[in-house]
Amino acid sequence: MRQKSLLAVLAFSLIGVFAHAQSAMKIGYADIDFILGQMPESKEVESQLQTTNTQLQNQLQAKYQEYEQKLQAYQQSAATMLDAVRQEKETELTQLQQRIQKFQQDAQGSLQKKTAELMEPLYTKVGNTIEAVAKEKGYTHVLNGQVGGIDVVLYADEKYDISNEVLLKMGITPPNN
């Protein structure tokens with residue numbers, strides 16, 4: 001009998017502890033993409049990335065033009081070429097195609113690396129500011145509303161969205177919704 005009453009007291013105590021722990025939890029959310037979109041630094045990063053992308057596209061276009069010119073010259077004179085010369089030109093065209101493909105891959109990697117390099121300080125700034133706002137407002141957890149365009153938070157009361165407070169803390173006036 002004494003064990004049952006001890007067990008009952010223990011069970012009620014655990015329920016009380018869990019209930020208290022749940023009531024002490026305060027969860028907010030922020031839309032990092034929205035915050036980044038409002039930051040002037042994001043516009044500068046976007047501009048730099050666009051410039052880099054344009055430069056890479058121009059280089060790629062020049063390589064394509066070179067290939068097209070050599071291919072056209074080859075096609076016009078292929079019938080009159082000696083076999084050895086034709087094979088040499090075909091090898092040259094194949095190598096040029098491979099260099100173009102390699103350049104495309106390298107350019108894509110370079111652009112991704114530059115994006116990560118330029119965005120990392122912005123992510124750090126947003127993360128630190130979210131942490132500061134969360135501590136000031138007593139949040140125990142802050143979730144990102146979306147990741148890659150996919151909703152992570154399926155429902156949340158807008159009063160727990162700290163995105164505008166984060167922007168204000170960074171000195172950015174949030175847009176009127």
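For the listed residue pairs LYS113/LYS135; LYS43/LYS102; LYS63/LYS102, the alpha carbons are over 23 angstrom apart in LYS113/LYS135; LYS43/LYS102. Helix 83-137 and the long axis of the chain differ in direction by around 20°, with both axes built from C-alpha atoms.
Measuring nothing but how far apart in sequence close Cα pairs (under 8 Å, 6+ apart) lie, relative to its length, the chain scores a relative contact order of 44 percent.
Taking 7 Å steps out from each Cα toward its Cβ at THR52 and GLN97 produces label points 3.1 nm apart. With unit charges on the beta carbons (Lys and Arg positive, Asp and Glu negative) and the dipole taken about the Cα centre of the chain, which residue among GLN57, SER42, PRO121 sits farthest to the positive side? My answer, from the dipole projection, is PRO121. Taking a point 7 angstrom from the Cα of ALA73 along the C-beta vector, which residues in the stretch 89-105 have backbone N less than 13 Å away? Counting backbone N atoms under 13 Å from the label point, the list is 89-90, 92-93.
About its Cα centre, what dipole magnitude does the chain give when the only charges are +1 on Lys and Arg Cβ and -1 on Asp and Glu Cβ, stated in debye to the nearest 20? Spell out each step's value before the answer.
On the way: 17 positive and 21 negative charges, 149 e Å.
It comes to approximately 720 debye.
Only the coordinates and a few stated rules stand behind these numbers; no lab work does. These numbers come from a predicted model, not from an experiment. Quick reminder, even Gly has a Cβ in these numbers, built from the backbone with ideal geometry, and neighbours come from all protein chains shown.
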